[in-house]
Amino acid sequence: MITRFEDLDLSKKYTYADYLTWQFSEMVELIRGRIFKMSPAPNLFHQEMSTNLFLKIGNYFNGKPCKVFHAPFDVRLPLPPGKVKNEQIETVVQPDISVICDLSKLDIRGCLGAPDWIIEILSPATASKDLREKFELYEFAGVREYWIVHPHEHTLLVYQLDEHGKYQGTQRPYVREDSVAVGAFPDFVMDLKGVFPEP
């Protein structure tokens, strides 16, 4: 059992079985066996946007057969999908918001398998991970829709899986004045004025 983050060997690859034994306070994610330390407590803008998104999404899915979760919430991604046993999984992430419609993926520990929709809110410490590592990870895992929110620029990038399993994005970032149709749920249109805090 490891009780201090400093005792981890960051050059080593770990599995979900290892992850379950860690007893330190720092929040971490595993991506293909490598440890990524999450940013400190989110700032006010991050929290406000996360809350606004969660409420809008939660209201839409009220009474529908999908569930919405916000971090901290473990999402275990067997890579390749369906080919790795639970304890041998090397990727455990905590998206800011996850929507899961296949409720068989849910268990007491979180979600096992790709959510239908993931939203990440950028922070300076995690921006490159969300824009690169997680983009490739979610695409490969089969997350149908991936939104990346830039809290300070008040912009949103939207990516949806095409028929070849590759993300296709919008031609330009969405801004506060836009309304965004959620590709995975075509009757859901989100007004971004209610997402980004007033300047």
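The values are calculated or read from the model by the stated rules, or taken from the named source; none is laboratory data. Just so it is clear, the structure is predicted and the values come from calculations on it, not from any experiment. Positions of Cβ are backbone-derived with ideal geometry, glycine not excepted, and every protein chain shown enters the neighbour counts. Quick note on the areas: whole protein, heavy atoms, side chains included, nothing else; ligands and nucleic acids left out. Shrake-Rupley method; radii C 1.70, N 1.55, O 1.52, S 1.80 Å.
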| field | Residue ID - most open to solvent (accessible area, probe 1.4 Å), chosen from residues in segment 84-133 that are closer than 24 Å to Ser39 by Cβ and of a type in the set (D, E, K, R) | value | Arg132
| request: Check whether at least one residue in segment 192-199 is open to solvent by 30 Å² or more (accessible area, probe 1.4 Å), assigned to a loop (DSSP other than H, G, I, E, B) and modelled with pLDDT under 95, and report yes or no. | output: yes
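Looking only at segment 134-179, filter to residues that are in a loop (DSSP other than H, G, I, E, B) and basic (Lys, Arg); which one of those is surrounded by the most Cβ atoms within 10 Å (Cβ to Cβ)? Talk me through it step by step, then tell me what you get.
Our first condition is that a residue be in a loop (DSSP other than H, G, I, E, B); within segment 134-179, this holds for 142-144, 151-154, 162-166, 170-173, 176-178.
Add one more test, that the residue is basic (Lys, Arg), and what stays is 144, 166, 172, 176.
Numbers: Arg144: 20, Lys166: 11, Arg172: 9, Arg176: 16.
Among those residues, the one meeting the criterion is Arg144.
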| query | Would a scan of segment 25-43 turn up a residue that is touching a residue at least 24 places away in the same chain (Cβ under 8 Å), loosely packed, with under 12 Cβ neighbours inside 10 Å and on the phi < 0 side of the Ramachandran plot? | reply | yes
| Out of the residues in segment 104-131 that are part of a strand (DSSP E or B) and of a type outside the set (A, V, I, L, M), which is nearest to Asn52 (Cα to Cα)? | Glu120
| remark: Contact list, first residue from segment 95-114 and in contact (Cβ under 8 Å) with a residue 24 or more places away in the chain, second anywhere and of a type in the set (Ser, Thr, Tyr), beta-carbon distance below 8 Å, six or more apart or interchain, is Asp96/Ser50; Ile97/Ser50; Cys111/Ser98; Ala114/Tyr138
